[in-house]
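Here is the structure we will look at, set down as structure tokens.
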Amino acid sequence: MFPKKELAQMVIAACNQFNIDTVVISPGSRNAPLTIGFSNHKHIKALSVVDERCAAFFALGIAQQTKKPVAVVCTSGSALLNYYPAVAEAFYSNIPLVVISADRPKHLIDIGDGQTIRQEGVFKNHILFSANLIENAKFKTKNAQLIGEALQVAISKQGPVHINVPFDEPLYETVSELTAFNFPHISLSSLDNAQIDYKSLSNIWNNASKKMILVGVNYPDKELHNLIDTYAEDDSVLILTETTSNLYHSKAINSIDQLIFSLEAGEFDDLKPEILITFGGMVVSKRIKKFLRDYAPKHHWNIDARKATNTFFCLSEFIQTTPVDFFNQFTQYTVPVKSKYQKKWLAIRNKRRQKHEAYFKKLQHSDFKVFEQVVKSLPNDINLQISNSSIIRYAQLFTLNNTFKVFCNRGTSGIDGSTSTAIGAAFASKNQTVFITGDLSFFYDSNALWNTNIPSSFRIILINNAGGGIFKIIPGPGTTNAASYFETPHNLTADYLCKMYGFGYQKAASTAELETELVDFYKVSEQPKILEVFTPSTENDLVLKEYFKYIK
């Protein structure tokens, strides 16, 4: 059974032709032709998620793991606007999300008809392509061209696109077969690696004794890992990696804030690189941003296949290619340089690590202590999802197991869809997914649990400090008389949510209790589980401040 409407058939056929095999649908009437078609297509997996905001982040989590476009389908009106947070995240994180919205025909817009808004171009500031279709046989060729171009852009440029599909009534008429369509491939610009002057770049590189490679959000890539390993053996190169970089090396500095928090002006000047190479997505550490803005390198080369990122206001070279392609070529021209740069800073890193271990031996129950216990308990080869605010910042201070694949929504750094994204990733991943989250992020996105597609192996570790802990850590909020509005204190618990949505529930309120609860937490079970860990809200900021004083 398929929709009678030709425009709906065209959208469905295009998705199939461009190998979009997963569609997340939210209920509605205006999108009925699309729902009927996608749910009956033998090559497309249709998933139902009621809340559109959760549905979009769920789809984003699937696309994050598969690196393939995933479509979301909604009815007309405000339903579409609920996709916007995920669209923005996809835009800044380079994730191919295909938004397909049903709409009223143009003659019904702005006349007082129900469930209508101005849907054309609604995502204009955060979208790679918008296709506004017209339900009229005269526009058949144009519609096909727009749909085809939208899907090709999503695939080739790895980002969000929007296809707006107006339907007049009737909406529920069906036919037994889909009409065959052919969507022409549009010629899109491609990268020209030959335009990069590797010889000139290598001349600069080979004459510098202080070089830094800083890696932000990065999808796990074995070939890239091997290439970066080569640079780690050069004494003049210091490699800084974040938790979300998915790059691990014994000669890399993986806890940036731990290293630079207490440096003085002379030490900062000594750390300042002559050349900075950056690649990957957003960088979490505010301290490394401040350092590289205050002590700007002479040369900053940003490597990215799509767009330049001038995070440190000193970009001198935008190298428009993939990191793998760049380093594959560049390595042929480089030679190791004798220098004390790497050795000196790794020695400081090692001292910081020793003090880190000593600090935790005496640390009492708190957010920070809980994070240490959890990190040590995690099984090998998991897909680790981390929420924003305090949790991702705690993660930056630990050396994680190098078998983990680590993800966080750092495109916009919002808390609004962290749980939904993690569930999408769990659905798409063959490995077990563990999600570590704070209380505000979790409760803000609690509708994420209203999803029948959650695998039983999925685990959530919820650190509940009864309010927004990040606003006690960062300077500013505590100096005002409006602290309660920043910190949002609450008495919520996940217990009843677990009962409502069919999750297993465990809890702990001390170091000893948490140790006990973690023993069997990750083992096979019939339902997904949440472990809620309660911590004292008044001590966590003091613990972190004392930590940075201690490791100095």
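The values are calculated or read from the model by the stated rules, or taken from the named source; none is laboratory data. Keep in mind that this is a model prediction, so the values were computed, not measured. Here Cβ is always computed from backbone atoms with ideal geometry, including for glycine, and neighbour counts include all displayed protein chains.
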Any residue in segment 53-75 that is without any contact (Cβ under 8 Å) to a residue 40 or more places away in the chain and in a loop (DSSP other than H, G, I, E, B)? no
Just a yes or no: is a residue in segment 317-339 buried (at least 16 other Cβ atoms within 10 Å of the Cβ) and touching a His at 6+ places or on another chain (Cβ under 8 Å)? yes
Answer from 290, 307 - the residue that is modelled with pLDDT of 95 or more and more than 17 Å from residue 395 (Cα to Cα): 290
For segment 121-153, what are the residues that are exposed (fewer than 15 other Cβ atoms within 10 Å of the Cβ) and outside any helix (DSSP H, G or I)? 121, 124, 125, 136
Based on this model, can you work out whether residue 11 counts as surrounded by fewer than 22 Cβ atoms within 10 Å (Cβ to Cβ) and either over 19 Å from residue 455 (Cβ atoms) or touching a Pro at 6+ places or on another chain (Cβ under 8 Å) (or both)? no
If residue 381 passes every condition in (1) closer than 23 Å to residue 279 by Cβ; (2) among the acidic types (Asp, Glu); (3) not in a helix (DSSP H, G or I) but one, which one does it miss? (1)
Applying the selection to segment 494-509, what residues are part of a loop (DSSP other than H, G, I, E, B) and either loosely packed, with under 15 Cβ neighbours inside 10 Å or of a type in the set (A, V, I, L, M) (or both)? 494, 502, 509
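Every residue, every condition in (1) surrounded by fewer than 17 Cβ atoms within 10 Å (Cβ to Cβ); (2) within 27 Å of residue 407 (Cβ to Cβ); (3) modelled with pLDDT under 95, yes or no:
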| position | (1), (2), (3) |
| --- | --- |
| 29 | yes, no, no |
| 32 | no, no, no |
| 36 | no, no, no |
| 40 | yes, no, no |
| 50 | yes, yes, no |
| 57 | no, yes, no |
| 60 | no, yes, no |
| 67 | yes, yes, no |
Being within 22 Å of residue 272 (Cβ to Cβ), touching a helix residue (DSSP H, G or I) at 6+ places or on another chain (Cβ under 9 Å) and surrounded by 15 or more Cβ atoms within 10 Å (Cβ to Cβ) is the filter here; which residues of segment 297-316 pass it? 299, 300, 301, 303, 311, 312, 314
Subset of segment 76-94, residues surrounded by 24 or more Cβ atoms within 10 Å (Cβ to Cβ) and either part of a loop (DSSP other than H, G, I, E, B) or modelled with pLDDT under 95 (or both), comes to 76
Taking segment 356-370 and keeping only residues that are loosely packed, with under 15 Cβ neighbours inside 10 Å and over 30 Å from the mean Cα position of the chain (by Cα), one is left with 358, 361, 362, 364
